[in-house]
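Participant: Sharing a structure here in structure tokens format.
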Amino acid sequence: MNIIFDFLPFLLASIITILLVIWANFFCNKYLGIVVIAFSVRLLLIVIHENTRVFGEADINDFLPYFEEFGKLWDKDVSSFIKPHAPFYTFLYAGWIFNAVGESGLWTIRMISAALGVATIAPLNGINRLVFGKSLSRYQALIVTLWPTWMFHTRDVGRTSISVLLVLLSIYALLGTLASSKAQLSPKVKVLTFLYLFFAIFIRIHYLAYFVPIFFFTLLSQVNKSNISPYIRPILYFIFSIFGFLLIIFITAIYQQLSQETYGLSGVGSQEDAVSFIKGGEWGGSVYLEGIYPNTFIDWIWYLPLHAFYFMFSPMPWDIHNAFVAGSSLQSLILLFFCYKSSHLGIKLLKRNEMLRLLLLIILFASLSLGAGVKNAGSAERWRLPSTLILITTTTSIIEYSKNEKMKYIAC
């Protein structure tokens with residue numbers, strides 16, 4: 001029995017690897033080689049970390065208490081873990097694995113995170129097909145799967161990999177729903193879309209920010225398509241907007257009731273409360289814009305865009321204080337260059353591509369809402385990962401599209 005128990009971690013690791021390769025071969029055959037390379041690099045990072053602890057113990061310190069508490073309850077009352085945030089992630093698979101295998105289960109959890117991190121190539125490719133009508137090129141897939149920050153966060157024991165994957169799957173499913181007629185939507189698609197969305201929000205409620213623009217776009221587009229008087233349409237816009245806000249408030253209230261925690265989602269009823277909440281985010285060695293707050297309601301006009309920019313592209317070069325921060329800053333500058341280059345080239349494409357406008361609106365809204373209360377580059381780097389991955393594929397697709405259009409013009 002002990003021999004079987006000792007062999008279990010190796011068996012689980014082999015199963016994860018085989019399943020990933022089979023999945024890639026059947027569903028992402030074009031990127032099979034890239035999937036193998038990206039997964040192998042992550043495994044190498046895991047081995048290096050396990051032997052040197054070069055990346056620190058933050059992920060273990062955050063989640064090990066949940067795993068250990070789950071072990072005390074898993075044969076009694078595991079239903080207490082079916083609540084939002086880290087407990088639900090623990091209930092999904094991490095807690096079971098850790099308590100079945102022991103300390104070596106952390107290895108298996110890291111491998112699952114690595115596999116899920118690589119699997120994001122599927123929804124990213126799906127989003128690209130919906131927006132641009134073409135699959136990602138191999139070099140785009142290589143860039144996004146080997147993006148250093150993404151690799152770093154997909155080798156830990158936390159819920160980053162699965163939460164980002166679920167956000168991307170939800171965005172892909174919702175955009176696909178908008179692009180299809182109701183007659184083309186099978187019950188299976190509807191159920192999967194709902195499950196992606198539910199799990200994404202249940203694991204991290206703050207990621208609701210990625211779905212708000214799609215929700216409002218759907219509501220308002222239905223009004224726009226309706227055959228009614230132009231005098232009544234503004235009234236319906238207002239009614240549907242109020243309904244949307246109330247529904248979002250209802251969802252967050254249910255979330256807080258289930259989790260019995262606010263996670264910063266309530267208790268901000270005045271300007272002073274908001275500033276107090278923002279000050280709570282000033283911690284650690286990677287704080288940015290320290291001491292800058294919106295003192296009046298008018299100040300939010302400049303505060304939100306400024307913090308959205310820092311949220312997406314921090315740490316800035318002037319905030320570098322060690323090698324890891326320097327690497328993060330370099331990635332931010334590269335992403336900023338992609339954004340600048342694509343904005344310079346893709347204006348015409350943006351005007352006639354409704355899906356592209358909606359996708360960029362999603363990223364903009366998430367940056368404004370999530371960035372409003374974040375003042376730490378480390379937290380921003382992790383929370384913005386869905387936006388980062390989408391921006392990498394979207395901006396490179398716009399650049400590639402613009403180059404192809406230019407070549408066609410020259411050939412003519």
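Nothing in this text is a laboratory measurement; each read-out follows from the coordinates by a stated rule. Given the structure is predicted, the values throughout are model-derived calculations rather than measurements. With ideal geometry, Cβ positions are generated from the backbone for all residues, glycine too; neighbour counts draw on all protein chains shown.
Participant: Which of the peptides 158-168, 372-382 is most tightly packed, and how do the rest follow, judged by the mean count of other Cβ atoms within 10 Å per residue?
Facilitator: Those peptides, ordered most packed to least, come out 158-168, 372-382.
Participant: How far, in nm, would the chain grow between LEU336 and ARG138 when pulled straight, counting 0.36 nm per residue and subtracting the alpha carbon separation?
Facilitator: Additional length available on full extension: 69.1 nm.
Participant: Could you sort 118-130, 231-243 so that the peptide with the highest average Cβ count within 10 Å comes first and the rest follow in order?
Facilitator: The most tightly packed comes first, giving 118-130, 231-243.
Participant: Can I ask one more? Assuming 0.36 nm per residue, please report the length gained on full extension of the stretch PHE194 to GLU272 beyond their Cα-Cα distance.
Facilitator: 24.4 nm
Participant: What percentage of all Cα-Cα pairs in the range 137-223 are separated by more than 23 Å?
Facilitator: Cα-Cα pairs in the range 137-223 separated by more than 23 Å: 35 percent.
Participant: In addition: If N is the number of residues in the range 71-197, what value comes out of its Cα radius of gyration divided by 2.2 N^0.38 Å?
Facilitator: 1.24
Participant: Could you pull out every residue, at least 5 positions away or on a different chain, whose amide H is within less than 5 Å of the one on ASN376? Hs are placed 1.01 Å off N in the peptide plane, and Pro or chain starts have none.
Facilitator: Sorted by chain and number, the residues that satisfy this are TYR288.
Participant: Once each part is reduced to its C-alpha centroid, what is the distance from the range 40-95 to the range 136-204 in angstrom?
Facilitator: About 21 Å separates the Cα centre of the range 40-95 from the one of the range 136-204.
Participant: In whole angstrom, and with the biggest value first, how far do the Cα coordinates of the range 1-162 range along each principal axis?
Facilitator: 51, 34, 30
Participant: Kindly provide the helix-only [θ] at 222 nm of the chain, computed as the sum of -39,500 (n - 2.57) over DSSP H runs of four or more divided by all residues, to the nearest 500 deg cm²/dmol?
Facilitator: It comes out at -23500 deg cm²/dmol, rounded to the nearest 500.
Participant: Which of the GluC sites (Glu not before Pro) found in the range 55-156 are in a DSSP loop and have at most 14 neighbouring Cβ atoms, other than their own, within 10 Å?
Facilitator: GLU57
Participant: Something else: For labels at LEU350 and GLU103 in the simple 7 Å Cα→Cβ model, what's the distance in nm?
Facilitator: About 5.3 nm, to one decimal.
Participant: Can you tell me which lysines have their Cα less than 16 Å from the Cα of LYS375? Leave out same-chain residues fewer than eight positions away.
Facilitator: Cα-Cα hits under 16 Å: LYS279.
Participant: Using label points projected 7 Å from each Cα along Cα→Cβ, tell me how many nm separate PHE309 and LEU236, to one decimal.
Facilitator: 4.0 nm
Participant: Evaluate the range 270-412: find the radius of gyration of its Cα atoms, find its Kirkwood radius, and give the ratio Rg to Rh.
Facilitator: 1.05
Participant: With the convex hull built on the Cα atoms of the chain, state its orientation-averaged projected area in nm².
Facilitator: 24.5 nm²
Participant: Report the charge-dipole magnitude of the chain in Debye, nearest 20, computed about the Cα centre from +1 at each Lys and Arg Cβ and -1 at each Asp and Glu Cβ.
Facilitator: I would put it at about 2060 debye.
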